[in-house]
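**Student:** Let me begin by handing over the structure; questions about it come next.
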2 protein chains.
Amino acid sequence: MDEPRERETIEERAQARLDQLTKPLGSLGRLEPVIVRLAKITGRVIPRTEQPMLLVFAADHGVAEEGVSRYAPEVTEEMAVNLAMGTAVSSVLARNQGIPIEVVDVGIARAVRHPAVLNAKVAWGTQNFVEQSAMTPEQARQAVDIGQERVRRAVGAGHDILLLGELGIGNTTAASALAAVLLGVDPAEVLGRGTGLDDRALAHKERVIRQALARHPEAMQDPWDAMARLGGFEIAALAGAVLEAARHRMPVVLDGFITGVAALWATRVDPAARDVLLASHRSAEPGHRRVLDELGLTPLLDLELRLGEGSGALFAYPLIRLAGRVMAETATFEDARVTPV
Amino acid sequence: MDEPRERETIEERAQARLDQLTKPLGSLGRLEPVIVRLAKITGRVIPRTEQPMLLVFAADHGVAEEGVSRYAPEVTEEMAVNLAMGTAVSSVLARNQGIPIEVVDVGIARAVRHPAVLNAKVAWGTQNFVEQSAMTPEQARQAVDIGQERVRRAVGAGHDILLLGELGIGNTTAASALAAVLLGVDPAEVLGRGTGLDDRALAHKERVIRQALARHPEAMQDPWDAMARLGGFEIAALAGAVLEAARHRMPVVLDGFITGVAALWATRVDPAARDVLLASHRSAEPGHRRVLDELGLTPLLDLELRLGEGSGALFAYPLIRLAGRVMAETATFEDARVTPV
């Protein structure tokens, strides 16, 4: 007796449809598991991912005063304005695909000079975690809540796939510290050049992270405590966005290292969050590979991007959109009367 | 004394502009050399690649009678019709980007049942090159001419970037034989599973190629002779398209192994053809890596695609288009008053 069709999982049905399309079996390569994953996330054999939105969370980091970035802290605000004005790289990438961007100030250290940047400031930047906790537990919770709220609104507005990005001078330092704790590895394994440090500056960044980890040994115990001590407002908001997207079965396209660490944190709080994630690219930041491995994700692109602001997610989205259209519009062997194998 | 600006090359000027955009230096990774290459090809610091066209050449191969493909030879015609009807994978990828496709029958072995497939048949498939020359020298010339003519028309119609694709049951066998000769390597190094051969069928394919190479030792002497003896109508037409695009300084986005071998042949006839090439992806076909290395090309995507029909070029085009828009629309540090390093 045949199994009733209802007993097949969505993934099985999606793979079966892929195998019926007029193409050699498996010939879409690594895009096929992406399509099957989207089907599983959305609960549709032919997934819909046509209404994307890019959420960019921006905040400053107290640790920037240790000189861990090539850029001055005011660049966070300047780039948030540049992004909102439509003149940053990610603005261009989004506009040319008709993708709306929401830039959310969750903790920029200055007043932002552009009304299109949503003001949801938790504080004027985090504290320097070499000296004290970056955030209070309440602030960390508040930043996570903001991320959740933005995603609830995005879902309400009809968006069906979420792209994530961030801005924050100093945030690869915070993300590396948090990643070292979440992965239980030495900071050297998740350390990178950020926006372009030389060897000497990289060694300094490593010392700063080691100091911070020594200052906060308790961070190992609990993800919420780790976030408050070592994270950042934008990292917490990104994590909140992932948690909320998971509740709505909304696919989340990660960007680089920072969004990856935020997603990793989200999976520590809710393991189901892992299921909605897609990796857009593998960045030049060495810790990114470790984070993606831990999340079980294979990136679509490997272009050595290290720009942030959601740029990798925006470069990968066309592949995801097109893969979805292939699933929806390609004829099957039967439809097209093409001789199968 | 400063060098006058005119003395800088287009590449230098393109890289200088990239370095002024509001992003960390070099942060677009492997897309930056692609942008610089496009600038060099088109002679514009801000290259224009907004009017793409996909040219798909289709033909049959006498060697298919040796059983070197999983698919029956009639599938070439069936897939050409599927592509023209808008229901093949590449039709879907092209339509969803507004990219016109021209499907050109340069030698399908049957009458084609759809008027949208352009009839430019040189013959009803090539001869089986295990027994005799695949084409006469005149036929090879004629197929190259067709490729050139289609590109002249595309340029005349205002297209500014060319995507290439092919259809032809048995054509990885022909392309492997031709690649072995052009690269001077053992066929085992450029042999692959095509649309999905198992180990036994792969060993058979290798024997067939060795037989062909033994039958045509003269093929080593001259690219035109190699094409006639071991090539195919669609491979020759693709090569003609590359040669003509090079004359018009029109960027050419290659697809997989077959288009790569055609481009390699074109560079043997006109070394300048190399300068207009872009590699969209590295396919699952092992010979593809060898061909791209010889052409000095780094592919944008590495997704284990093995579909043909221009699908890899169509998946990569959004990256090329977006990279061009970034160059045109992103603010410089000066424009945006962002604090540079």
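The values are calculated or read from the model by the stated rules, or taken from the named source; none is laboratory data. Being a predicted model, the structure only gives us computed values, none of them experimental. Ideal geometry is used to build each Cβ from the backbone, glycine not excepted, and the neighbour counts take in all protein chains shown. Ligands, DNA and RNA are stripped out before the accessible areas are found, and what is left, the full protein with its side chains, is counted by its heavy atoms. Shrake-Rupley method; radii C 1.70, N 1.55, O 1.52, S 1.80 Å.
**Student:** Distances from B:A203 to the same position in the other copies: list them in nm, one decimal, shortest first, using label points 7 Å from Cα along Cα→Cβ.
**Tutor:** 5.8
**Student:** With the label 7 angstrom out along Cα to Cβ, how close does A:P100 come to the same site in each of the other copies, in nm, nearest first?
**Tutor:** 3.5
**Student:** Mind checking the angle between helix A:10-20 and chain A's longest principal axis? C-alpha axes, 0 to 90 degrees, to the nearest 10.
**Tutor:** Computed tilt is about 60 degrees.
**Student:** Return one quarter of the surface area of the convex hull spanned by the alpha-carbon atoms of segment B:1-119, equal to its mean projected area, in nm².
**Tutor:** Mean shadow area of the hull around the Cα atoms is 11.9 nm².
**Student:** Still on this structure, I have one more. Specify which residue in the list B:V89, B:V36, A:F129 is farthest towards the positive end of the charge dipole of the protein assembly as shown, using unit charges on the beta carbon of Lys, Arg (+1) and Asp, Glu (-1), about the Cα centre.
**Tutor:** Of B:V89, B:V36, A:F129, it is B:V89.
**Student:** State to the nearest 20 debye the size of the charge dipole of segment B:7-100 about its Cα centre, where the only charges are +1 on K and R beta carbons and -1 on D and E beta carbons.
**Tutor:** Here segment B:7-100 has a charge dipole of around 820 debye.
**Student:** Counting only protein heavy atoms and using a 1.4 Å probe, what share of the accessible area of the protein assembly as shown belongs to carbon plus sulfur, as a whole percent?
**Tutor:** 47
**Student:** Give, as ranges by residue number, the residues of segment A:231-260 whose backbone N falls under 17 Å from the point 7 Å along Cα→Cβ of A:L202.
**Tutor:** A:257
**Student:** Ok, one more. Rank by packing, highest mean first: peptides A:276-286, B:107-117, A:146-156, with packing defined as the count of other Cβ atoms within 10 Å averaged across residues.
**Tutor:** Highest mean packing first, the order is A:276-286, A:146-156, B:107-117.
**Student:** Using a label point 7 angstrom from Cα along Cα-to-C-beta, what distances in nm, from shortest up, separate A:P115 from the other copies?
**Tutor:** Spacings between copies for this position, smallest first, are 5.7 nm.
**Student:** Residues of segment A:304-318 that become at least 10 Å² less accessible with every protein chain present than in their own chain isolated, using 1.4 Å: which are they?
**Tutor:** Residues shielded by partner chains are A:E304, A:L305, A:R306, A:L307, A:F315, A:P318.
**Student:** Any idea of the accessible area per residue across the protein assembly as shown, 1.4 Å probe, to the nearest Å²?
**Tutor:** Per-residue accessible area for the protein assembly as shown comes out at 36 Å².
**Student:** Any chance you could give the angle, 0 to 90 degrees and rounded to 10, that helix B:311-329 forms with the longest Cα principal axis of chain B?
**Tutor:** 10
**Student:** Can you run phi through the Karplus equation (6.51, -1.76, 1.60; θ = phi - 60°) for segment A:88-95 and list ³J(HN,Hα) in whole Hz, with x for Gly and Pro?
**Tutor:** Coupling constants for segment A:88-95: 7, 3, 5, 4, 5, 4, 6, 4 Hz.
**Student:** Also: Taking the rotation that carries B onto A, look along its axis and tell me which residue of B has the beta carbon nearest to it, distance in whole angstrom.
**Tutor:** That would be B:P318, 2, residue then distance in Å.
**Student:** While we're on this one: Search the structure for amide H atoms under 5 Å from the amide H of A:L305, placed 1.01 Å from N in the peptide plane, and list their residues when 5 or more places away or on another chain.
**Tutor:** A:A284, B:R30
**Student:** As a test of the definition: with a 1.4 Å probe, what buried accessible area, both sides summed, do you compute for B against A, in Å² to the nearest 100?
**Tutor:** Summing both chains' loss of accessible area gives about 4800 Å².
**Student:** Can I ask one more? Indicate the gyration tensor shape class of segment B:52-320 (rounded, prolate or oblate), computed on the Cα atoms with a ≥ b ≥ c the square roots of the eigenvalues: a/c under 1.5 is rounded; otherwise a/b larger than b/c is prolate and the rest oblate.
**Tutor:** Since a/c stays below 1.5, the shape of segment B:52-320 is classed as rounded.
**Student:** Could you please tell me the mean projected area of the C-alpha convex hull for segment B:58-140, averaged over all directions and given in square nanometres to one decimal?
**Tutor:** Its average projected convex-hull area is 5.9 nm².
**Student:** Based solely on its DSSP helices, what 222 nm [θ] is calculated for chain B when runs of n ≥ 4 H residues each add -39,500 (n - 2.57) and the sum is averaged over all residues, nearest 500 deg cm²/dmol?
**Tutor:** Theoretical 222 nm ellipticity from helices: -15000 deg cm²/dmol.
**Student:** Regarding the protein assembly as shown, what's the average projected area of the Cα-atom convex hull, expressed in nm²?
**Tutor:** Average projection, Cα convex hull of the protein assembly as shown: 31.9 nm².
**Student:** In debye, nearest 20, what is the charge dipole magnitude of the protein assembly as shown about its Cα centre with +1 on Lys and Arg Cβ and -1 on Asp and Glu Cβ, if you could check?
**Tutor:** So the magnitude is around 660 debye.
**Student:** A further question on this structure: Short version: ³J(HN,Hα) in whole Hz for each residue of segment A:191-197, in order, from phi by Karplus 6.51 cos²θ - 1.76 cosθ + 1.60 (θ = phi - 60°), x for Gly and Pro, what are they?
**Tutor:** Working through the residues one at a time gives 9, x, 8, x, 7, x, 5 Hz.
**Student:** While we're looking at this one, here's another question. Excluding A:E50 itself, calculate the net charge of residues whose Cβ lies under 15 Å from the Cβ of A:E50, where each Lys or Arg counts +1 and each Asp or Glu counts -1.
**Tutor:** +3
**Student:** I'd like the Karplus ³J(HN,Hα) series for segment A:261-277: coefficients 6.51, -1.76, 1.60, θ = phi - 60°, whole numbers in Hz, and an x wherever there's a Gly or Pro.
**Tutor:** So the J values, rounded to whole Hz, are 5, 4, 5, 4, 4, 4, 5, 6, 8, 9, x, 5, 4, 4, 5, 9, 8.
**Student:** Which value, in debye to the nearest 20, gives the size of the charge dipole of segment A:52-319 about its Cα centre, when Lys and Arg are +1 and Asp and Glu are -1 at the Cβ?
**Tutor:** Roughly 240 debye, rounded to the nearest 20.
**Student:** Specify which residue in the list B:A143, B:I101, B:L230 is farthest towards the positive end of the charge dipole of chain B, using unit charges on the beta carbon of Lys, Arg (+1) and Asp, Glu (-1), about the Cα centre.
**Tutor:** Positive-end residue among those listed: B:I101.
**Student:** Shifting gears a bit: If R0 is 56 Å, what FRET efficiency do you get for B:A16 and B:A188 from their C-beta distance, rounded to 0.05?
**Tutor:** FRET efficiency, B:A16 to B:A188: 0.75.
**Student:** Counting only residues 5 or more places away or on other chains, whose amide H sits under 5 Å from the amide H of A:I161 once H atoms are built in the peptide plane?
**Tutor:** For A:I161, the qualifying residues are A:Q51, A:M53.
**Student:** Across the residues of B:18-28, average count of Cβ atoms on other protein chains within 10 Å?
**Tutor:** Counting Cβ atoms of other protein chains within 10 Å of each residue's Cβ and averaging gives 6.
**Student:** Amide H to amide H, which residues 5 or more places from B:V68 or on other chains are under 5 Å from it, using H placed in the peptide plane?
**Tutor:** none
**Student:** Still on this structure: In degrees from 0 to 90, rounded to the nearest 10, what is the angle of the helix B:74-85 Cα long axis to the longest principal axis of chain B?
**Tutor:** 40
**Student:** Which whole number gives the average count of other chain Cβ atoms within 10 Å of the Cβ atoms across peptide B:326-332?
**Tutor:** Per residue, the average neighbour count from other chains is 6.
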